[in-house]
1. For residue 133, only one of the following conditions fails: (1) over 19 Å from residue 187 (Cα atoms); (2) at pLDDT 95 or above; (3) surrounded by fewer than 24 Cβ atoms within 10 Å (Cβ to Cβ). What is its number?
2. Please specify each residue of segment 38-51 satisfying the condition of being in contact (Cβ under 8 Å) with a residue 40 or more places away in the chain and under 23 Å from the mean Cα position of the chain (by Cα).
3. Return the only residue of 168, 151 being free of Cβ contacts under 8 Å to residues at least 24 places away in the same chain, outside any loop (DSSP other than H, G, I, E, B) and not assigned by TED's automatic domain parsing to the domain that holds residue 221.
4. Among the residues of segment 257-281, what is the count of those that are within 15 Å of residue 313 (Cα to Cα) and crowded, with 22+ Cβ neighbours inside 10 Å?
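The values are calculated or read from the model by the stated rules, or taken from the named source; none is laboratory data. Quick caveat: nothing in here was measured; it's all calculated off a predicted structure. Ideal geometry is used to build each Cβ from the backbone, glycine not excepted, and the neighbour counts take in all protein chains shown.
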């Protein structure tokens, strides 16, 4: 076939492709009640299940997560329908036992991209069932293997939707999508105009597999234009417990021009692991280049500590005052 004839056929082929994709996204759902189906999980997906004996799909109570860093290669998606519309959504490891008030219609194994397209339709609808629904929707999407789910979450994270929806996308990208997802979260952390998104991304990358978490948080704490974002960077850096965190935070305590950031830097020192927090706070309390208020703040956080080193230091200070 020559190029001219191919160009005549191409629009038809494109049309057939669109129809195929649209049909693929149409799962055969019941009008009412629960339906479930199984898909391939993203690589390294945690084996999500409830902490009690089984997950009660109709119950908002109860926490879920994975034990002992267990992973799964298969996920089951659960959707509750009412009048032909989705009103509740959950996704758990395929081996996770569940309970429901009504029978669950099993759709069997569904092509992962077909399931992804079905979820994508929900992310783009005008009607919104609230932040809890969006949270579970994006979590389910993040558990799907493949570029289709990755690209959709990236589009949401970098898009112009609601701040809360974008935060959810950033978190699940960082938490479930490996290094590629962490890179998206990091780009939001440095480049987004919304300071709330940048702060949230700073937390999200601490839940990720990024090999650059420490360096990126230090860079954020030193360079972000917003004091609240810089303060959050130091807080989350301390929580990572990365070697050298106290040095970076202590440097910010001395050089950042924002009093609010300096105050939060002292608090961040108190969040370091165990005796490292005690040593860092004692160093701040003894540092006469800091203001009197800053040194008092370091002593305050030492007083909140249960470490033996902190109590010994405070007893020594009290003894000197007498």
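1. (2)
2. 39, 40, 41, 42, 43, 44, 45, 46, 47, 48, 49, 50
3. From the options 168, 151, the qualifying one is 151.
4. Counting residues in segment 257-281 that are within 15 Å of residue 313 (Cα to Cα) and crowded, with 22+ Cβ neighbours inside 10 Å gives 4.
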